[in-house]
Every structure is written in structure tokens, then in C-alpha cells.
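Read through the structure below, which is laid out as C-alpha cells, and then see the notes.
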Amino acid sequence: MRFRPALLRKFYQHWNGQDLGHVQRLRERRMLLVGSAATLLLGVAWGIYFTVLGMWPLVAMDLLLICGGLGGSLLTWHNRDRPAAIVLFSTLFIVICVIAVSFDVPTVQAPRTTHLYLLPLSVAALMAFRTSGVWLRHGIALAGLVAFVILSASYGSMPSQYALPESVRATGAWVQTGASLSIFYAMLYLMQNDAISRSVLENDLRQAVAQDQFMLYFQPQLDAKGGVIGAEALIRWQHPERGLVMPGQFIEQAEQTGLILPIGHWVLEAACAQLRMWSNDSQLCQLRLAVNISQLQFRQVNFVPQVLGMIERYGIKASLLELEITESMLAQDLPDIIAKMTTLRASGVTFSLDDFGTGYSSLNYLKRLPLNQLKIDQSFVRDVLTDPNDASIARTVVTLGHGLGLSVIAEGVETLEQREFLLQSGCEYFQGYLFSRPVPSDDFTQFVKQRPSADAVFRFSADVATLPASTKLH
């Protein structure tokens with residue numbers, strides 16, 4: 001009885017991308033879920049049809065479709081979106097080519113048409129892998145176009161006994177041509193709309209940087225006794241027409257256009273200014289403030305002088321400024337990262353490894369980093385009570401962190417039961433909607449000053465259940 005609601009809740013979380021920070025990644029995941037499901041259902045439907053007709057070679061192709069759709073679905077379900085996309089597109093490419101060569105044998109009466117599906121497949125691959133490396137970004141799309149040219153200009157085929165009856169193919173040629181070109185047009189339409197949206201968003205972002213349209217929100221971080229020990233700074237964009245825009249709707253575009261550099265600089269400046277304001281209040285002066293640092297920002301040659309200059313200019317305690325980096329940043333140029341972290345750490349700045357367990361992981365590298373804290377990703381916290389794997393990962397992160405002499409904080413804590421589990425696992429610090437959503441500076445100050453005594457009972461406010469998951473500047 002408990003399996004079905006848990007399964008539906010898991011699907012809802014995947015579809016709405018509650019563990020994702022970017023709108024583009026949400027669109028990609030939905031495309032994978034729909035594409036995998038469609039491939040699976042298509043393979044089952046045609047498999048049954050050709051089984052009835054006794055056309056076993058085609059049944060074999062349908063089984064391949066079923067495997068590809070099932071594999072794509074399972075990989076997406078386990079948050080492995082990129083491998084899922086590779087499996088799905090590779091399966092479709094292979095099936096289309098094999099059917100075009102072996103079964104869709106061109107004649108004067110019925111030309112080959114199956115290969116036309118390679119056109120929309122190539123366009124879809126360009127969209128799906130545009131943030132990947134050069135081989136994935138162009139490899140599948142170019143392979144599809146090359147195969148399309150070869151199949152369009154060639155009459156070569158496998159032994160003719162596998163070919164479909166000419167009467168069936170003559171009728172199917174009209175259907176397949178219309179369907180493939182309709183899909184191709186839809187892909188081009190989506191690509192055009194996406195390009196226009198990105199262009200408009202980039203122009204709006206440039207105006208936002210020039211006109212200082214950003215603001216910081218703060219999500220409290222608490223210790224095991226319920227005391228506020230600091231906050232995480234989260235950027236918001238106060239758009240003049242669209243209202244308050246969440247970072248998941250613009251950070252990816254900022255990263256791709258390089259605008260993340262001035263935006264990230266603004267966040268650091270605003271965070272230091274906030275720490276300066278807190279230093280004048282006896283109830284706030286010891287609170288630390290965590291700031292997410294983007295990969296491009298951290299790799300700037302003058303990043304360390306920038307940070308140290310801000311600390312000196314605002315006259316704040318360096319130990320109260322915490323920089324959050326992600327695992328994905330560790331995949332390249334690790335010596336440079338360690339050198340910069342070591343210099344800042346020597347000045348008192350602290351470091352937290354965010355989204356631990358979701359990206360590039362190597363214990364050999366982890367022990368070399370001058371870290372202060374590990375952060376358990378909210379994707380593990382969310383299902384820590386229902387998924388044994390997530391529970392084991394959470395416990396392992398806590399044990400690993402303590403073994404390396406690091407503190408551990410869990411983000412995305414939404415229920416008392418989650419907090420209790422994490423507390424029993426040894427987690428020391430917590431952050432999430434159980435305590436507070438991200439709020440403006442004045443509301444955060446009020447939250448701290450009205451905080452009940454230690455060991456108080458935590459409870460949701462009436463509107464917490466309707467709030468979207470928090471997103472961050474990565």
C-alpha cells in the first residue's frame with residue numbers, strides 16, 4: 001500500500017525537477033521521460049503487431065526499442081540523465097538505420113522513407129546534447145545526417161526476403177514522410193523559439209546587471225539544538241515586468257554568456273555588505289554567510305584578490321564568509337583550485353563542498369581539499385526515509401565528513417522525521433523549509449531575533465507545502 005504513493009511521489013519529483021537548478025535541465029529531463037516512454041510503448045505495440053504476423057526480424061527490432069526505452073526510463077529515474085539520453089538516441093539511431101537498410105528496400109513504386117526520421121532525430125540530438133562535450137554535442141547529430149545522406153543516395157539493402165511487401169510500403173511511404181517531416185518541423189520550431197527566448201533573456205540579463213535588479217534572499221542554517229548559526233545567500237532577480245525571477249530561470253543563461261562573472265561578483269559584494277550590517281548587531285554578529293561560487297567565477301585569475309579585497313574593504317571577519325563549491329568544479333585543474341582555496345583558507349575564509357555525492361567524486365582528491373564542511377544534497381535528504389539507498393548515502397556522507405575532520409550540513413530538510421533521522425546519523429547542521437524558506441534580509445533578521453529557545457518543536461507554516469523547492473546560484 002505504501003509503494004504506490006511513494007512511486008507516484010517519485011515520478012512527480014522527477015517530472016517537476018525538484019532536484020534540478022536550471023529550467024533547461026528540467027526540459028531535458030521531461031523530454032527524456034516522454035521520449036523513453038514513447039519508445040517503450042512504440043516497441044511494445046509494433047512488437048505485438050509483427051508477432052501476430054510472424055515477422056520475427058522486425059520483432060527483434062521492436063525488442064531493441066523496448067530495451068532502449070526501458071533503459072532510458074530507468075537511467076532517468078535514477079537521475080542519470082546524460083547516460084539516459086545516450087541510450088535513447090543511440091537506440092533510435094540503430095533501429096532507424098537497420099529498418100531502412102533491411103526492411104525498407106527502395107523500389108520504383110515505393111521509395112525508402114524510414115531514413116527521414118534521422119532528420120528530426122539529428123535536430124533533437126543537437127538540442128539535447130548542446131551543453132555536453134564536443135563529441136556528444138555534434139557526434140550523434142552528424143552521424144544521423146551522414147546516415148541520412150547515404151540512405152538517400154543508395155539502393156543497397158540486406159537480402160530481399162526481409163523486405164516489407166511493396167503494397168504496404170507504398171502506402172506507408174506517404175504516412176512516414178508526413179510524420180517525419182511534421183516532427184522535423186516541430187523540432188525546428190522549438191529550436192527557433194528557444195533561440196529567441198535565450199536572446200531576449202540575455203538582453204534582459206545585461207540590463208539587470210547594469211540597473212542592479214538583483215537582490216539576496218537568506219535561508220537560515222541551524223544547529224542540532226535549533227539555534228541559528230548562519231544562512232545561505234540565494235540570488236533573486238527583481239524583473240521590472242516578470243516580477244521576482246528564481247535563479248533556475250536565468251543562471252544557466254548567465255553561465256553560457258559569461259554574465260555569471262558580474263552577477264557572481266555582485267553576490268559576493270552584497271554578501272560582504274550584509275555581513276558588515278550584521279556585525280553591528282549583537283544577535284547577528286557571529287552568524288556566518290554561505291555564498292555559492294560558479295566554476296567560471298572561481299577560475300578567474302584574480303578571484304582570490306577580489307575576495308580578500310572585499311573582506312578588507314567591508315571590514316568583516318573572514319571566518320564568517322563561507323564559499324560553497326560544487327563537485328563538478330573538481331573535474332578540471334584541481335591543483336589551481338587547491339592553491340586558491342589554500343590561500344583563502346589561510347586568511348580565514350571557510351569552504352563547503354555543495355551537492356556532495358551528485359557529481360565528480362574522488363576520495364583521493366577530497367582529502368586534499370582544504371574544506372571545512374560537506375553538504376548533503378537535498379536529492380538524498382528528500383527520500384531519506386523511504387529510499388534505503390538515499391539513507392545509506394546520507395549516513396556515509398556524515399561518517400566520511402567526520403572522518404576527514406569536517407562538519408556536515410543537510411539541505412532540503414522538510415519534516416521532523418527527516419531531521420530526526422539525520423540527527424541520529426550524526427549530522428550537526430540543518431537547512432530547509434522545516435525551519436524557513438529563503439526570505440529577504442529584514443525577514444531573516446526577524447526570524448533570528450524571534451527564534452524560540454533551543455530544543456523547541458519545529459513545525460511548518462501553513463503555506464510551506466505550496467512553496468517550490470529552493471534554487472541556488474551555482
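The values are calculated or read from the model by the stated rules, or taken from the named source; none is laboratory data. What you see is a predicted model; the values in this text were computed from it and never measured. Backbone-built Cβ (ideal geometry, glycine too); neighbour counts: all protein chains shown. The protein model used for the area step is the full one, side chains on, heavy atoms only, and it has no ligands, DNA or RNA in it. Shrake-Rupley method; radii C 1.70, N 1.55, O 1.52, S 1.80 Å.
Selection of segment 223-282 for residues being assigned to a loop (DSSP other than H, G, I, E, B) and open to solvent by 30 Å² or more (accessible area, probe 1.4 Å) yields Ala224, Lys225, Pro240, Glu241, Arg242, Met246, Ser279, Asn280, Asp281, Ser282. Suppose the filter is assigned to a helix (DSSP H, G or I), out of contact with any Phe, Trp or Tyr (no Cβ under 8 Å at 6 or more places or on another chain), in contact (Cβ under 8 Å) with a residue 24 or more places away in the chain and not aliphatic (A, V, I, L, M); does Arg345 pass it? Against the criterion (assigned to a helix (DSSP H, G or I), out of contact with any Phe, Trp or Tyr (no Cβ under 8 Å at 6 or more places or on another chain), in contact (Cβ under 8 Å) with a residue 24 or more places away in the chain and not aliphatic (A, V, I, L, M)), Arg345 does not qualify.
Considered as a group, the residues in segment 92-111 that are crowded, with 22+ Cβ neighbours inside 10 Å and not acidic (Asp, Glu) include one that is nearest to Gln256 (Cα to Cα), and that residue is Leu92.
For segment 283-303, a residue qualifies if it is open to solvent by less than 30 Å² (accessible area, probe 1.4 Å), of a type in the set (A, V, I, L, M, F, W, C) and part of a helix (DSSP H, G or I), and the qualifying residues are Phe298, Phe303.
Summed over segment 304-338, residues that are farther than 22 Å from Val408 by Cβ, under 28 Å from the mean Cα position of the chain (by Cα) and surrounded by fewer than 20 Cβ atoms within 10 Å (Cβ to Cβ) total 7.
From the set of residues in segment 132-150 that are within 18 Å of Val87 (Cβ to Cβ) and open to solvent by 60 Å² or more (accessible area, probe 1.4 Å), which is modelled with the lowest pLDDT? By that ranking, first place goes to Arg137. Selection of helices (runs of 4 or more DSSP H) fully inside segment 379-474 by the criterion of at least 1 residues being of a type in the set (Val, Ile, Thr) and either closer than 17 Å to Glu232 by Cβ or at pLDDT 90 or above (or both) returns 388-403, 441-449.
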